[in-house]
Each structure stands twice: as structure tokens, then as C-alpha cells.
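Read the structure below first, then the notes.
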Amino acid sequence: MIILLGVIIIFVFLIIIFYKQINLNIIVVDENLNGLSNADIYEPKFAINNESKKIYITATEGNFINKNEVLLKDNVRFKSNDFSIETEKVIFNRTDQTAKSKTKSKFMSKNATIASDGFNIHDKGNKIIFYGKSYIILK
Amino acid sequence: MILIIKFAIILIFSISLNAREIGETEITTDNGIEVFQNEKFYLLKQNVKIESDNFTLSADDVKIKFEDSLYDITELDAKGNVDFYSKEFKISGNGNFLNFEVKNEKIKVEGEGSELITNDVEMFSDGFIEVTNLNGDFLLEGKNSKLYNQNIIIIAETIIGNFSEINNTKEITFLEIYDEKISYVKNNDAEMYAKKINFDNDTATIELIDNVTIIRNQERISGDYGTLDTRNNSYKINSNNKSKVKVIIQNNE
């Protein structure tokens with residue numbers, strides 16, 4: 001009975017892993033189709049200049065969408081003295097100094113964490129909008 | 001093998017991110033959050049739920065003002081289908097709008113069918129109910145404003161008063177009530193009607209002004225002005241020149 005239960009658990013676990021693997025493959029294929037896998041810039045660094053603070057933006061790689069907009073990918077990080085935001089993909093507008101992301105994001109500040117389905121940064125970092133079902137933990 | 005480890009890390013990370021620990025406050029929203037860093041507030045949008053060890057709140061939308069960082073809450077405004085419970089202050093309530101000032105421990109519930117319930121007192125109003133926990137001040141304003149506790153029932157359009165802790169129970173030490181039509185107060189000894197009724201615990205006197213009626217035992221006395229001494233249960237009713245004091249003594253035998 002215990003062995004049978006063990007076999008069932010392992011089987012379910014393998015199905016989940018297999019399913020995840022398929023999803024990962026789809027994402028890789030999708031990215032290749034978009035033709036954005038070849039980065040224009042590696043380890044890009046930008047900054048949003050606010051009157052009171054500076055927000056530094058870093059990522060593993062980036063691609064220019066047009067003259068103003070850059071798609072930042074992998075380990076995208078916004079960091080100021082007050083907070084940081086981590087996500088996987090962001091479109092950063094260098095002229096407007098705005099940023100938008102539709103990927104899972106994690107905001108961290110002193111004793112507070114926000115998880116959301118994406119975010120927008122406006123008004124030189126003063127206004128941050130987190131999208132979708134969002135979740136805050138305050139300590 | 002790497003995939004299994006990756007999967008396990010993702011699973012552990014997502015569980016740890018979404019689980020509230022003791023001492024933490026968890027907030028969930030269906031339609032996002034807007035943070036205004038300079039103005040120091042954030043908006044929680046649609047189907048908001050706040051849960052901590054001592055406090056729960058649900059509402060359609062919530063605005064939270066903060067001092068230093070997001071956790072450092074100074075004021076909360078909740079809008080639409082507000083329902084809350086504070087274990088710490090033993091208070092619960094609901095209404096269309098709630099304002100809570102953390103520093104002053106001041107709570108205001110607004111809208112039709114507003115309720116504020118504590119261990120000792122129940123308050124209802126279609127206007128608003130405001131209670132300052134620090135000093136015991138309370139104010140009910142609007143139609144169907146009512147206050148009940150073990151010893152008293154008050155019904156009037158405006159009820160202003162103060163609670164003080166006496167012998168571990170909250171007792172009313174000051175009261176000013178007004179209703180353009182008629183205010184109603186019932187204590188353990190009598191029922192009182194008047195447009196305006198005042199009570200001061202220091203003088204132990206209930207003052208009734210305009211269109212006064214006191215009903216006690218089988219007596220029903222009407223006049224224009226009355227006072228009731230709560231220490232010896234005596235009362236006095238006067239009338240102005242136009243009307244007379246009227247006494248009706250019922251005989252139930």
C-alpha cells in the first residue's frame with residue numbers, strides 16, 4: 001500500500017516536472033520567434049532621476065525597440081535608497097523616464113514586500129502602479 | 001535533477017511569499033496597488049482584504065497613508081462594503097466608508113446602516129459613527145442613530161458623548177443628544193423624551209429641554225423643561241407660560 005502510494009506521488013511529481021519543461025520550451029521557442037534573443041546591449045544600466053532620489057536600473061541584457069524604448073530582460077532590477085523592484089522583463093522609456101512590465105514583479109522596501117503581475121513607473125519614480133492580483137506583506 | 005531543484009525552489013519561494021507570519025500584516029487586492037512615494041500614500045484597488053494578528057478588514061477600495069515606509073501606517077480610508085474587526089480594541093463594525101486615524105485611535109464609520117460594536121456598547125446610524133478610543137469621545141450623527149449598552153438606550157439624530165472606564169466597564173460620563181423631532185433615552189429607571197437631552201456624570205443630572213416627557217413606573221409627566229437627579233431618582237418638570245405641566249398617573253389595578 002505504502003509502495004503504491006509512493007509510486008503515485010512520484011508519478012504526479014514527474015507529470016508536474018514534465019509539464020513545466022514543456023512550458024519552458026515554449027517560452028524559449030517564443031523568444032526565438034520574436035527575434036529578440038540577440039541582445040543589443042549586455043548588462044545595461046540606466047537611471048531615473050528624481051528631485052529627491054535616483055532610481056538605478058540594471059538587467060542582464062536589453063534590446064532597443066525604438067529610439068526611446070529599451071526592452072530590458074532577465075534579472076531586471078530597479079533600486080533606490082527606499083526600495084527595489086525585481087522582475088524579468090521591462091520596457092524602459094529613456095525620454096519619459098517611465099517603465100512598464102507585464103511580468104511577475106517583486107517590490108521590496110523597509111518592512112514591506114509587494115508581489116504583483118506587473119507594474120508601471122511614472123512621474124520619475126514617484127508613482128508606481130502594480131497590476132493585477134497583488135499581495136503585500138507588512139512587517 | 002536540476003529541474004527538480006528549480007521546481008522545489010519556485011514552490012518554496014511562492015509559498016514563503018504568500019504566507020503571513022505572526023506579527024505581519026497581509027494585504028491582498030484583485031486589481032492592483034498604486035504607490036505615491038512623495039505624497040506618502042497607496043491605493044489598494046478592488047476586493048481588498050487586510051489581515052493581521054489583531055485586525056481584519058475587507059472593503060472594495062482602500063487608501064493608506066504612511067509616514068516613513070509602506071508599513072508605517074498613519075491613516076486608513078476604506079470605501080464600499082467595509083467590514084472590520086479589531087481584536088486589540090475589541091471593536092467590530094461595517095458601513096460604506098471607514099476612516100481610521102492610527103495615532104489618535106479615532107475611527108469613523110459612515111453610510112446607511114453603519115454599525116460599531118464593542119464589548120460594552122452597540123452603535124448604529126445611517127449617517128456616521130465616530131469614536132476616539134484614546135479619550136472615549138463618541139459622536140453619532142444622522143437618521144436612525146442609536147446607542148445601546150447594558151444600562152441605557154439612546155435614539156436621536158445627534159448623539160455626542162464620552163465613555164470612561166469605571167469598574168472595568170465603559171460608562172457614559174457625558175452626553176448631549178438632540179433631535180429636531182424628538183430624542184429618546186431609556187435608563188434602568190425611566191424613559192425620557194425631549195428635543196434635547198444632556199447628562200453630566202459629575203452633577204449626576206439629566207437635563208431635558210423642549211417637548212419633555214418622563215415616564216416612570218405608572219407616572220407620565222410632560223412639560224417644557226425637566227431635570228432628573230440620577231443619585232436619588234428625583235425629577236422636576238417646569239413649563240413655560242403657554243403650556244402647563246401635565247401628569248398622568250395610571251392605575252393598573
Only one of (1) assigned to a loop (DSSP other than H, G, I, E, B); (2) within 14 Å of chain B (Cβ to nearest Cβ); (3) not hydrophobic (A, V, I, L, M, F, W, C) is not met by residue A:67, so which one is it?
(2)
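State which residue is nearest to residue A:49 (Cα to Cα) when the search covers only the stretch A:91-117 and only residues that are outside any strand (DSSP E or B) and at the interface with chain B (Cβ under 9 Å from one of its Cβ atoms). Working first, answer last.
Restricting attention to the stretch A:91-117, the residues satisfying the condition of being outside any strand (DSSP E or B) are A:94-97, A:102-104, A:110-111, A:117.
This time we only want the ones that are at the interface with chain B (Cβ under 9 Å from one of its Cβ atoms), so: A:110-111, A:117.
Working: A:110: 21, A:111: 24, A:117: 25 Å.
The qualifying residue nearest to residue A:49 (Cα to Cα) is A:110.
If we keep just the residues of the stretch A:80-105 that are open to solvent by 40 Å² or more (accessible area, probe 1.4 Å) and modelled with pLDDT of 95 or more, which is farthest from residue A:115 (Cα to Cα)?
Initial filter on the stretch A:80-105 (open to solvent by 40 Å² or more (accessible area, probe 1.4 Å)): A:81-82, A:86, A:88-89, A:91, A:94-96, A:100, A:102, A:104.
From what is left, the residues that are modelled with pLDDT of 95 or more are A:86, A:88-89, A:91, A:100, A:102, A:104.
Working: A:86: 10, A:88: 13, A:89: 15, A:91: 19, A:100: 15, A:102: 12, A:104: 7 Å.
So, considering only residues that are open to solvent by 40 Å² or more (accessible area, probe 1.4 Å) and modelled with pLDDT of 95 or more, the one farthest from residue A:115 (Cα to Cα) is A:91.
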Only unsatisfied item for residue A:88, checking (1) in contact with a strand residue (DSSP E or B) (Cβ under 6 Å, 6 or more places away or on another chain); (2) in a strand (DSSP E or B); (3) within 14 Å of another protein chain (Cβ to nearest Cβ), is (1)
What number goes with the only condition from (1) within 28 Å of residue B:118 (Cα to Cα); (2) at pLDDT 90 or above that residue B:227 does not pass?
(1)
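Of the residues B:124, B:97, B:128, which single one is over 24 Å from residue B:75 (Cβ atoms) and in contact with a Lys or Arg (Cβ under 9 Å, 6 or more places away or on another chain)? Even if it seems obvious, please write down each step before you answer.
Numbers: B:97 fails: over 24 Å from residue B:75 (Cβ atoms); B:128 fails: over 24 Å from residue B:75 (Cβ atoms).
None of the other options fit; the residue is B:124.
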If you check residue B:173 against the conditions, is it touching a residue at least 40 places away in the same chain (Cβ under 8 Å), of a type in the set (Ser, Thr, Tyr) and more than 20 Å from residue B:212 (Cα to Cα)?
no
Can you spot a residue in the stretch A:127-134 that is within 14 Å of chain B (Cβ to nearest Cβ), open to solvent by less than 30 Å² (accessible area, probe 1.4 Å) and over 15 Å from residue B:37 (Cα atoms)?
yes
Within the stretch B:85-96, can one find any residue that is free of Cβ contacts under 8 Å to residues at least 24 places away in the same chain, more than 10 Å from the chain's Cα centre (by Cα) and over 26 Å from residue B:169 (Cβ atoms)?
yes
Here are B:211, B:251: which of them is over 20 Å from residue B:132 (Cα atoms), part of a loop (DSSP other than H, G, I, E, B), open to solvent by 40 Å² or more (accessible area, probe 1.4 Å) and at pLDDT below 95?
B:251
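With respect to residue B:194, is the statement that it is in contact (Cβ under 8 Å) with a residue 40 or more places away in the chain, open to solvent by less than 50 Å² (accessible area, probe 1.4 Å) and more than 20 Å from residue B:131 (Cβ to Cβ) true?
On the way: in contact (Cβ under 8 Å) with a residue 40 or more places away in the chain: no; open to solvent by less than 50 Å² (accessible area, probe 1.4 Å): yes; more than 20 Å from residue B:131 (Cβ to Cβ): yes.
Considered against the rule, which asks whether it is in contact (Cβ under 8 Å) with a residue 40 or more places away in the chain, open to solvent by less than 50 Å² (accessible area, probe 1.4 Å) and more than 20 Å from residue B:131 (Cβ to Cβ), residue B:194 comes out as no.
Looking at the stretch B:24-42, which of its residues are at the interface with another protein chain (Cβ under 9 Å from one of its Cβ atoms) and open to solvent by 50 Å² or more (accessible area, probe 1.4 Å)? Let's see the steps before the verdict.
Keep residues of the stretch B:24-42 that are at the interface with another protein chain (Cβ under 9 Å from one of its Cβ atoms), which gives B:24-39, B:42.
Answer for the stretch B:24-42, where residues must be at the interface with another protein chain (Cβ under 9 Å from one of its Cβ atoms) and open to solvent by 50 Å² or more (accessible area, probe 1.4 Å): B:30, B:31, B:38, B:39.
Say whether the condition of being in a loop (DSSP other than H, G, I, E, B) and under 22 Å from residue B:49 (Cα atoms) is met by at least one residue in the stretch B:113-131. Even if it seems obvious, please write down each step before you answer.
Step one: filter the stretch B:113-131 for residues in a loop (DSSP other than H, G, I, E, B), giving B:113, B:119-120, B:126-127.
From the residues that got through so far, the ones that are under 22 Å from residue B:49 (Cα atoms) too are B:113.
Looking for residues that are in a loop (DSSP other than H, G, I, E, B) and under 22 Å from residue B:49 (Cα atoms), one finds at least one in the stretch B:113-131, hence yes.
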Confirm whether residue B:162 is over 21 Å from residue B:225 (Cβ atoms), among the polar types (S, T, N, Q) and outside any strand (DSSP E or B).
no
Which of (1) buried (at least 19 other Cβ atoms within 10 Å of the Cβ); (2) facing another protein chain (nearest Cβ under 10 Å) is the odd one out, the single condition residue B:94 does not satisfy?
(2)
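Return yes when residue A:58 is surrounded by fewer than 17 Cβ atoms within 10 Å (Cβ to Cβ) and among the β-branched types (Val, Ile, Thr) and no when it is not. Quick ask: steps written out before the conclusion?
On the way: surrounded by fewer than 17 Cβ atoms within 10 Å (Cβ to Cβ): yes; among the β-branched types (Val, Ile, Thr): yes.
Judged against the criteria, residue A:58 is a match.
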Which residue, of B:114, B:86, is at pLDDT 95 or above and small (Gly, Ala, Ser)?
B:114
Only residues in the stretch B:57-74 that are facing chain A (nearest Cβ under 9 Å) and of a type in the set (D, E, K, R) count as the first member; pair them with residues that are open to solvent by less than 50 Å² (accessible area, probe 1.4 Å) and in a strand (DSSP E or B), Cβ under 7 angstrom, at least 6 apart or cross-chain, and list the lot.
B:72/B:66
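The values are calculated or read from the model by the stated rules, or taken from the named source; none is laboratory data. Computed from a prediction, not measured in an experiment: that's the story for all the values here. A quick note on method: Cβ atoms are made from the backbone with ideal geometry, for glycine too, and the neighbour counts reach across all protein chains shown. Areas reflect the complete protein model, heavy atoms only, side chains present, ligands, DNA and RNA absent. Shrake-Rupley method; radii C 1.70, N 1.55, O 1.52, S 1.80 Å.
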